[in-house]
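Okay, so here's the structure we're looking at.
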Amino acid sequence: MVVAVYPGTFDPLTYGHMDIIERAAALFGKLTVGIYENPSKQPLFPLEQRVDLVKEAVGGLPSVHVKAFKGLTVDFIHRIGGRVMIRGLRANSDFEREFEMALMNRKLAPDIELLCLMTSSQYQFLSSSLIKEVAKLGGCLEGMVPDHVAVALREKFFAPIEVATGKHKM
Ligand code: ADP
């Protein structure tokens, strides 16, 4: 059975990520979504919460597992017996970055094959960073992230204000 790994920051998970997860899961016997700590990106959500949000979203997909990791992605893939790394591609800018990383990873771990799946057109504009900006300004996230992710974003940005002003009891 070929084990594939879809690594990322998932800060937070979007329907663009979910689309890649579902399509990759249909191709491989087992898919592990690997969530890295990524302190360089200063994530909004702590690692444990990012893992929980993805776990809740993939609950109905029996061949999909979720694991947090630190360190090199290729080392993580080796540790869990993976053979294929999955990445998603949106526009040209993704390609350049993925290409650079792929060449480095090939040097580090020639046995791991990279498979890039093109975004589905309806998710082409979706990125975690844009989602966070819209959420921060109170915009509607319907059709962009699962409901429980929208709730977590709202709590992150608005719960402290609502509690402080006594606007809502949570
Ligand atoms: P990273 O910090 O590794 O880029 P992300 O969570 O931002 O982590 O993205 C993980 C992977 O998912 C990357 O390969 C990214 O290109 C891909 N991805 C993100 N958003 C989308 C989307 N809307 N459609 C397809 N792929 C996406």
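A short reminder: the numbers here are calculations on the coordinates, not readings from a lab. The structure displayed is predicted, hence computed values, not measured ones. In this analysis, Cβ positions are derived from the backbone assuming ideal geometry, glycine residues included, and neighbour counts consider all displayed protein chains.
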Note to self: As an exercise: evaluate Glu133 against (1) more than 13 Å from the ligand (Cβ to nearest atom); (2) of a type outside the set (Ser, Thr, Tyr); (3) assigned to a loop (DSSP other than H, G, I, E, B); (4) under 20 Å from Thr14 (Cα atoms) and give the number of the one condition it does not meet.
What the structure shows: (3)
Notebook entry, point to check: Which residues, counting only those in region 96-110, are within 11 Å of the ligand (Cβ to nearest atom) and surrounded by 13 or more Cβ atoms within 10 Å (Cβ to Cβ)?
Noted result: Glu98, Met101, Ala102
Next item on the list: Scan region 135-156 residue by residue and report those that are at negative phi and loosely packed, with under 15 Cβ neighbours inside 10 Å.
Entry: Lys136, Leu137, Gly139, Cys140, Glu142, Asp147, His148, Val151, Arg154, Glu155
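Per-residue answers, yes or no, for (1) more than 14 Å from the chain's Cα centre (by Cα); (2) near the ligand (Cβ under 9 Å from one of its atoms):
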site	(1), (2)
Val2	yes, no
Gly8	no, yes
Asp19	no, yes
Thr32	no, no
Asn38	no, yes
Phe45	no, no
Glu48	no, no
Note to self: So for region 72-84 (the condition being out of contact with any Gly (no Cβ under 8 Å at 6 or more places or on another chain), within 17 Å of Gly8 (Cβ to Cβ) and near the ligand (Cβ under 10 Å from one of its atoms)), does at least one residue qualify?
What the structure shows: no
Note to self: Show the residue pairs meeting these rules: Cβ distance below 7 Å; 6+ apart or different chains; first residue within region 118-143 and free of Cβ contacts under 8 Å to residues at least 24 places away in the same chain; second residue part of a loop (DSSP other than H, G, I, E, B).
What the structure shows: Val134/Leu141; Ala135/Leu141
